[in-house]
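The values are calculated or read from the model by the stated rules, or taken from the named source; none is laboratory data. Predicted model only: the values in this text are computed from it and were never measured. Methodologically, a virtual Cβ is constructed for each residue, glycine included, from the backbone with ideal geometry; neighbour enumeration extends over all protein chains shown. We work out accessible area using only protein heavy atoms, side chains counted, and drop any ligands, DNA or RNA first. Shrake-Rupley method; radii C 1.70, N 1.55, O 1.52, S 1.80 Å.
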Amino acid sequence: MAPFPLPLEALLGKAGMYLIYLVIGFAFGYVLEISGFAISTKLAAQFYFKDLTVLKVMFTAIVVAMVLIFGASAIGLLDYNLIWVNPTYIWSGILGGLIMGFGFIIGGFCPGTSLVSLATFKIDGLFFALGGLFGIFLFGETVQNFDSFWNGSYLGRFTLMDWLGLPTGVVVLLVILMALFMFWGGEQLERIFGGRDLKKEPRRRYAGAAVLALAGVLVLLIGQPTTSEKWTRLASTKDQALAAREVQIHPGELLATRADDQINLVMLDVRSEADFNQFHLQGGRRLPQDQIESVIPTLLLEPAANTVYVLMSNDETAATQAWKTMVAQSVPNVYILEGGINHWLEIFNAGDPQITPTPVPPGNDLLGYTFQAALGDRYSAADPNPHEWELEYTPKIKLQQKRGPSGGGCG
Amino acid sequence: MATLSAARPKPTSRFKSWLYSRPEKPYVHPYLGGALLGVVLFLAFFITGNGLGASGGLNRYVVYLEDLVAPQHIDRVSYLLKLAGGDKNPLDDWIVFLTAGTLVGGFVSGWLHGRLKVETGKGPHISIRSRWFYAFIGGSLMGYGARMARGCTSGQALSGGAVLSAGSWVFMFAVFGGAYALAYFVRRLWL
C-alpha cells in the first residue's frame, strides 16, 4: 500500500498529530504573509484588474500542489483514495460562493487572509475576523431553517475526472494549461489597468511555466495506478491474510455483528439478481461485481469509523474477488462471509421445508439450495434470532482506524 | 490606491522596539509565493491526508464559546450537536490546531520582515471607521457563506481545487463571479 498519507494518530499519538498540524498551519500563515495577503487593499485590487496577486498566488498554489499530488500518486507514493476530496454539494456551494464573493469585495479579505492580517496588527483584519465569527455564529443558528437545501444536490466524492469523463492525467494537464493562460491574461490586464511594465517581470517565470507543463505531461504519461496495479502492490501481504483466513468471518460472527449496535454493518451481496431474489440476508444489499469500482468513491466518504463491510457470494470465490478490489482501493474494514450463503444456510436453514439442499460442485460459486419461492429475505434463515444460537468461532473483526482524512478543513 | 492610514507606532519600550525594529522587506513575487503555498498544501495532503483551511477552525472556536455560555442550546440544534454535543470538545480537532498555527505563522513572518504595523488598509475615499464597519459586514458575509459552502477560500477553493473536486471548482468560480459582479458597485470602498 502506498505509504502516504501517514496514520498520524497511530504513529504519534494525539499530541504529536496536533503538533504536525500546528507546524503545517504555521507554514500556511507564513506563506500567506510573505505573499502580501495580510493587506486588504492588495487583495481587493484583484477585482479592479490592477494587481492580480490573488489570482497568481492561488492558481500557482493549486497547480503546483495538484502536480505534486497526482505525481506522487502516479508513482505509488501517495494514496489518492485516502486524501480528503471535498464532497460536492452543487447549489449550496454556488450560493455560499456568491455570498463569499460579496463578502470578499466588501470586506477585503477571506477568512484565512484575515487571520494573517490580524496577526500582523491590521485593524481592518481584526474587524473582518470578528465579522467572520459573527457570520459563522449566525449560520449555526439559522441552518436548521433550510437544512434540506443545505444538504441537497449532493454528489459525493465527485471529481473533475468524473464530471468530464477524462483520465486524471488529461485533466491535470488541462488545468495547468488553463492556469498558464489565466496568468498570461492576468498580466495583460495588469499592464492595461494597473500600468505595470511587464518587461520588469522576472524572465524565470517562463522557465517555471515550462517546468509545470512538462510535469503535467509526465503525470499524463505515467498515468494513475489502476485497481489491479494497486492490488499487485498489496498482493504479497494481503494474499497471506487471505490464505491465513484472517478476513473470512464465520456466520456466527456475522450473526453477532448484526446484533451489535456499536458497529455500523454493511452487508454487500455480490451474487446474481436471480440468486439474490431467491434468498438473501435481511439488510443485505446487492452489489453486482461490475459496479464495485463505481461505488468505491461513496464507500470512501463513509464518515463512521465503526463501519464494517461484509462481502458475500454463494461460496467465497466472487466475494474474494470483490474483497481484493475494495482492499486495493483502500476501503477499510472489509471482510468475507466464510463459506458464503451456502455455509450460512447450512447452519441456519433449520429444517425449513421450503429450502432443500441441492449439492453443487465446490468452488463454482453456485447456490447449493433450491427454494420453493423467491421470497428473498422473508425466509426465517434470512434473519435468525441471535439469542437462539450458540456457535463456536474465532472472532476476526478488528476495527481499523481510518488513515488520513477526518473530514476536511470545513468540519 | 493603497493608503495606509496610521503610522508605525514609536518604539517606547524594549518590547516594542524588539517588535517593530526590523527593517521592512518587500513581498515575494506572487508566482514564488504561490509555488511555496502549493508545496505547503501538497505536504499537508501528503503527510496528513487533509488540506488547509481556516473557517472550520474559526467555526469550532465559535461553537466552543457557545458551549461555554449556553450548553443546553447546543443540544437543541443538530448542526451544533454534531460539533459539541454531550462530552464532545469542539476544540479536539486538527483544524483548530492548523488555524492556531496560521496565526502564529503570520505573526512570525510579519515580525521577521518588519511588517507588523497597527494600521487600517483602505481606499482613499472612505473613513477609517467606515472601513471597519464594512470589514465587519464583509467578514459576516464571508463567515456565513463559508459555512454554507462547507469551506472557505482555503478549505474549498485551494484544497479542493488541488485534488480536483468538481464542487470546489464550481465554488471557486462562484466566489470570483460574486466578487467581480459586485466590485463596480462598491468601488468607492477601494478606489
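Can you pull out every residue in region A:293-304 that is of a type in the set (Asp, Glu) and part of a helix (DSSP H, G or I)?
Residue satisfying the conditions is A:Glu293 alone.
Quick check on my filter: what residues within region A:231-250 are closer than 17 Å to A:Asp315 by Cα and open to solvent by 60 Å² or more (accessible area, probe 1.4 Å)? Quick ask: steps written out before the conclusion?
First, pick out the residues of region A:231-250 that are closer than 17 Å to A:Asp315 by Cα: A:242-243, A:245-250.
Listed by number, the residues that qualify are A:Ala243, A:Arg245, A:Glu246.
I'd like the full set of residues that are surrounded by fewer than 16 Cβ atoms within 10 Å (Cβ to Cβ), part of a helix (DSSP H, G or I) and not hydroxyl-bearing (Ser, Thr, Tyr), limited to region A:219-230.
Residues satisfying the conditions are A:Leu221, A:Ile222, A:Glu229.
Specify the residue that is farthest from the other protein chains (Cβ to nearest Cβ); the eligible residues are those in region A:162-182 that are of a type outside the set (Gly, Ala, Ser) and open to solvent by less than 20 Å² (accessible area, probe 1.4 Å). Give the derivation first.
Step one: list which residues in region A:162-182 are of a type outside the set (Gly, Ala, Ser), which gives A:162-164, A:166-168, A:170-178, A:180-182.
Filter again for open to solvent by less than 20 Å² (accessible area, probe 1.4 Å), leaving A:171-172, A:175-176.
Numbers: A:Val171: 6, A:Val172: 8, A:Val175: 7, A:Ile176: 12 Å.
For region A:162-182, the residue satisfying everything is A:Ile176.
Scanning region B:60-114 for residues that are of a type in the set (Val, Ile, Thr) and farther than 17 Å from B:Gly151 by Cβ, which turns out surrounded by the fewest Cβ atoms within 10 Å (Cβ to Cβ)? Give the steps one after another, and end with the answer.
Residues of region B:60-114 that are of a type in the set (Val, Ile, Thr), as a first pass: B:62-63, B:69, B:74, B:77, B:95-96, B:99, B:102, B:104, B:108.
Right, trim to farther than 17 Å from B:Gly151 by Cβ and you get B:69, B:74, B:77, B:104, B:108.
Numbers: B:Val69: 9, B:Ile74: 23, B:Val77: 19, B:Val104: 16, B:Val108: 16.
So the residue we want is B:Val69.
Would you confirm, using the coordinates I've provided, whether A:Lys56 is surrounded by fewer than 24 Cβ atoms within 10 Å (Cβ to Cβ) and under 21 Å from A:Phe181 (Cα atoms)? Outline the logic, then answer.
Working: surrounded by fewer than 24 Cβ atoms within 10 Å (Cβ to Cβ): no; under 21 Å from A:Phe181 (Cα atoms): yes.
So A:Lys56 fails the test.
Residue-wise test of (1) in a helix (DSSP H, G or I); (2) open to solvent by less than 10 Å² (accessible area, probe 1.4 Å); (3) closer than 30 Å to A:Leu299 by Cα.
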| site | (1), (2), (3) |
| --- | --- |
| A:Asn81 | yes, no, yes |
| A:Asp124 | yes, yes, no |
| A:Gly131 | yes, yes, no |
| A:Gly140 | yes, yes, yes |
| A:Asp147 | yes, no, yes |
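Considering every residue within region A:44-51, establish whether at least one is of a type in the set (S, T, N, Q), in contact (Cβ under 8 Å) with a residue 60 or more places away in the chain and touching a Ser or Thr at 6+ places or on another chain (Cβ under 9 Å).
Pass one, region A:44-51, residues of a type in the set (S, T, N, Q): A:46.
From what's left, in contact (Cβ under 8 Å) with a residue 60 or more places away in the chain: none.
Checked region A:44-51: no residue is of a type in the set (S, T, N, Q), in contact (Cβ under 8 Å) with a residue 60 or more places away in the chain and touching a Ser or Thr at 6+ places or on another chain (Cβ under 9 Å).
Based on this model, can you work out whether B:Gly85 counts as touching a residue at least 40 places away in the same chain (Cβ under 8 Å) and either more than 7 Å from every other protein chain (Cβ to nearest Cβ) or in contact with a strand residue (DSSP E or B) (Cβ under 8 Å, 6 or more places away or on another chain) (or both)? Break it down stepwise before answering.
Working: touching a residue at least 40 places away in the same chain (Cβ under 8 Å): no; either more than 7 Å from every other protein chain (Cβ to nearest Cβ) or in contact with a strand residue (DSSP E or B) (Cβ under 8 Å, 6 or more places away or on another chain) (or both): yes.
For B:Gly85, the condition - touching a residue at least 40 places away in the same chain (Cβ under 8 Å) and either more than 7 Å from every other protein chain (Cβ to nearest Cβ) or in contact with a strand residue (DSSP E or B) (Cβ under 8 Å, 6 or more places away or on another chain) (or both) - is not met.
Take region B:124-146 and flag every residue that is in contact (Cβ under 8 Å) with a residue 60 or more places away in the chain and either more than 7 Å from chain A (Cβ to nearest Cβ) or open to solvent by 60 Å² or more (accessible area, probe 1.4 Å) (or both).
B:Pro124, B:His125, B:Ile126, B:Ile128, listed by residue number.
Matching residues to (1) in contact with an Asp or Glu (Cβ under 8 Å, 6 or more places away or on another chain); (2) open to solvent by 10 Å² or more (accessible area, probe 1.4 Å); (3) modelled with pLDDT of 95 or more; (4) not in a loop (DSSP other than H, G, I, E, B):
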{"position": "A:Tyr30", "(1), (2), (3), (4)": "no, yes, yes, yes"}
{"position": "A:Ala38", "(1), (2), (3), (4)": "no, no, no, no"}
{"position": "A:Asp51", "(1), (2), (3), (4)": "yes, yes, no, no"}
{"position": "A:Val67", "(1), (2), (3), (4)": "no, yes, yes, yes"}
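Give region B:37-52 a look and list any residue that's buried (at least 22 other Cβ atoms within 10 Å of the Cβ) and at negative phi, or say none.
In the first step, residues of region B:37-52 are kept if they are buried (at least 22 other Cβ atoms within 10 Å of the Cβ); the result is B:37-38, B:40-42, B:44-45, B:48-52.
Result: B:Leu37, B:Gly38, B:Val40, B:Leu41, B:Phe42, B:Ala44, B:Phe45, B:Thr48, B:Asn50, B:Gly51, B:Leu52.
Could you check region A:358-373 and list, in sequence order, the residues that are open to solvent by less than 60 Å² (accessible area, probe 1.4 Å) and part of a loop (DSSP other than H, G, I, E, B)? First the steps, then the outcome.
If we filter region A:358-373 for residues that are open to solvent by less than 60 Å² (accessible area, probe 1.4 Å), which is where we start, we get A:358, A:360, A:363, A:365, A:367-369, A:371, A:373.
Scanning region A:358-373 gives A:Thr358, A:Val360, A:Gly363, A:Asp365, A:Leu367, A:Gly368, A:Ala373.
Which of the residues belonging to region A:305-328 are buried (at least 22 other Cβ atoms within 10 Å of the Cβ) and part of a loop (DSSP other than H, G, I, E, B)?
A:Ser313, A:Asn314, A:Asp315, A:Glu316 - these are the residues of region A:305-328 that are buried (at least 22 other Cβ atoms within 10 Å of the Cβ) and part of a loop (DSSP other than H, G, I, E, B).
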